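K.L.:
Before I ask anything, here is the structure I am working with.
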Amino acid sequence: MPKTIALVSNTSWSFVKFRLKLLIELKQAGYNVLVLAPEDEESPVFTRHGLTYIPLRKLRQKGKNPIHDYELYREIRSLYKRWKPDLAIHYTIKPNIYGSLAASHSGIPCIGVVTGLGYTYINGGLLGKVTDLLYRNAFKKARQVWFLNRDDQRVFVHDRRIIPAAKAVLINGEGIDAREAFNPQAQERQPAPLAGVRFVFIGRLLHDKGIREYVHAAESVKARYPDASFDIVGYLNVGNPSAVDEPTVRRWEAQGAVRYRGAVADVRPLLLQYDCVVLPSYREGMSTTLMEAAAMERPLIASDIPGCRELIDDGSTGFLCEPKCADGLAECMVSFIRLPPDKRQAMGRRGREKMLREFDMDAIIARYLEVIPKILKVVGK
């Protein structure tokens, strides 16, 4: 009888965006695949690929109410009791905590995947301490805890002593399908720009992504280089405490330096319209946006932080700037503008080579397909 793998995250969108190939590969390997996530515009994708989708109705991303979180724990526990998965894999904070607790209660082995530390760790305070305690209890019986970068692993193992070192596993992000999906040669060529260097911020519109610093840097650089352009692409009104609201974005546009282009379903043709992709984030697990852009031969400018610095060879495939510093970001933009066009193109080519060499998605999927049978064999499932 085929084994059943349950995968749980805080959005359907994130599964489709970051892990759809993994889900399909697991199904092709003979597993029954259960996807647990709140319903959103991407949820219908799962059934089109023959995956079993189960909506999570009690997951509130913004919520800090312990009663609501307990309801989420009970919902996942009830679903585990009904579907009886042989293994559960949890992503993001609340699924990692309450999903792992539910799996432990139900006797189901689980893997936690820490995709980033989130705003609770960025901002610290009491909420961060409470999250530490919850993680510590949740991961007691997790078989493994996977990290996308060394800094997050260090925080959990050494700084906060949430898990023992033997339980921690480092992987190179969630991977990028650079050979096929993100291959610039497979995309229709875009017309050359009339004038000026074109920058773009791509991502959820969160303050923690450094969107404010991007806007301020754009204003500074445009005053010196009027032909340069600065676009913003991404979802508004996402369920996150750090979200930027639409009036703020419209105010930024009215000031004249940036243009908001909305969200796009397929970022690949859009990437080829720009000379450089910018992400001045405060913290990342491992930035998929940057991996996709580099795979498409776009040079990068990003904060010198975990989850970004691993993806950029400073001065070779892009530039690293000081976090939370609009002036430093602006100087990196100016440095890029001053490069001759052939140097910018060479920078992009080196970035793609780095993605193929170090962040190939097939290697990440192979890790799953190697680890899952070993865990199932150990627990006798």
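None of the figures in this text is laboratory data; all of them are computed from the coordinates on show. Remember, it's a predicted structure, so these values are computed and weren't measured experimentally. Please note: Cβ atoms are built from the backbone with ideal geometry, for glycine as well, and neighbour counts cover all protein chains shown.
K.L.:
Given a cut-off of under 8 Å on Cα pairs at least six residues apart, what relative contact order in percent is computed for the range 3-100?
P.N.:
On the way: 147 pairs, mean separation 35.7, N = 98.
That works out to 36 percent.
K.L.:
Regarding the chain, what are the three Cα extents along the principal axes, ordered largest first, in Å?
P.N.:
63, 43, 38
K.L.:
Hey, fewest Cβ within 10 Å first, where do Ser100, Ser335 land in order?
P.N.:
Ser335, Ser100
K.L.:
Okay, moving on. Arrange Asp245, Asp342, Asp304 by Cβ neighbour counts within 10 Å, fewest through most, would you?
P.N.:
The fewest-first ordering by Cβ neighbours comes to Asp342, Asp245, Asp304.
K.L.:
Restricting attention to the range 34-94, which trypsin sites (Lys or Arg not before Pro) occupy a DSSP loop and are surrounded by at most 13 other Cβ atoms within 10 Å?
P.N.:
Arg57, Lys62, Lys64
K.L.:
If you average the alpha carbon positions of the range 237-311 and of the range 76-107, how far apart do those two centres end up, in angstrom?
P.N.:
Spelled out, the Cα-based centre of one part sits 32 Å from the other.
K.L.:
Report, by chain and number, residues whose modeled amide H sits under 5 Å from the one on Ser303, excluding near sequence neighbours (fewer than 5 apart, same chain).
P.N.:
Amide H neighbours of Ser303, under 5 Å, 5+ apart: Leu279, Ser281, Cys321.
K.L.:
Return the sequence-ordered ³J(HN,Hα) values of the range 312-317 in whole Hz as given by the Karplus equation 6.51 cos²θ - 1.76 cosθ + 1.60 applied to θ = phi - 60°, using x for Gly and Pro.
P.N.:
Listing the rounded values in order: 10, 8, 4, x, 10, 10 Hz.
K.L.:
As an exercise, use a Förster radius of 25 Å and the Cβ-Cβ distance of Glu188 and Gln345 to find the FRET efficiency, rounded to the nearest 0.05.
P.N.:
About 0.85, to the nearest 0.05.
K.L.:
Starting from the Cα gyration tensor of the range 184-358, multiply each eigenvalue by 5, take the square root, and state the resulting semi-axes largest first in whole Å.
P.N.:
On the way: eigenvalues 97, 66, 55 Å².
That gives 22, 18, 17 Å for the three semi-axes.
K.L.:
Counting other Cβ atoms within 10 Å, which trypsin sites (Lys or Arg not before Pro) in the range 313-347 have at most 13 and lie in a DSSP loop? Let's see the in-between values first.
P.N.:
On the way: sites: Lys324, Arg338, Lys343, Arg344; in loops: Lys324, Arg338.
In loop regions of the range 313-347 (DSSP not H, G, I, E or B), the sparsely surrounded trypsin sites (Lys or Arg not before Pro) are Arg338.
K.L.:
What dipole magnitude, in Debye to the nearest 20, does the range 184-358 give about its Cα centre under +1 on Lys/Arg Cβ and -1 on Asp/Glu Cβ?
P.N.:
For the range 184-358, the charge dipole is close to 280 debye.
K.L.:
Determine the dipole magnitude for the chain: charges of +1 sit on the beta-carbon of Lys and Arg, -1 on that of Asp and Glu, nothing else is charged, the reference point is the Cα centre, and the result goes in debye to the nearest 20.
P.N.:
Details: 56 positive and 43 negative charges, 305 e Å.
Value, rounded to 20: 1460 debye.
K.L.:
Let me ask something else about it. Looking at Leu148, Met296, Leu206, which one has the Cα that reaches farthest to the positive end of the dipole of the chain (charges on Cβ: Lys, Arg +1; Asp, Glu -1)?
P.N.:
Projecting each Cα onto the dipole axis, the largest value belongs to Leu148.
K.L.:
Running a GNM on the chain with Cα contacts under 10 Å, which residue among Pro299, Pro38, Pro269 ends up with the highest mean-square fluctuation?
P.N.:
Most flexible of the set in this elastic network: Pro269.
K.L.:
Determine which lysines satisfy two conditions relative to Lys343: a Cα distance under 29 Å, and not lying fewer than 8 residues away in the same chain.
P.N.:
Straight-line reach from Lys343, under 29 Å: Lys209, Lys222, Lys324, Lys354.
K.L.:
To continue, here is another question. Assuming a strict under-14 Å limit between Cα atoms, what lysine pair count do you get for the range 1-140 once near-sequence pairs (fewer than 8 apart, same chain) are dropped?
P.N.:
Here the count comes out as 6.
K.L.:
Counting alpha carbon pairs within less than 8 Å and at least 6 residues apart, what relative contact order, in whole percent, applies to the chain?
P.N.:
In percent, rounded to a whole number, it is 14.
K.L.:
In what sequence do Lys129, Lys94, Lys222 fall when counting other Cβ within 10 Å, fewest first?
P.N.:
Least to most surrounded, the residues fall as Lys129, Lys222, Lys94.
K.L.:
Let me ask something else. Going by a ≥ b ≥ c, the root eigenvalues of the Cα gyration tensor, does the range 207-311 fall in the rounded group (a/c under 1.5), the prolate group (a/b larger than b/c) or the oblate group?
P.N.:
The shape class here is rounded.
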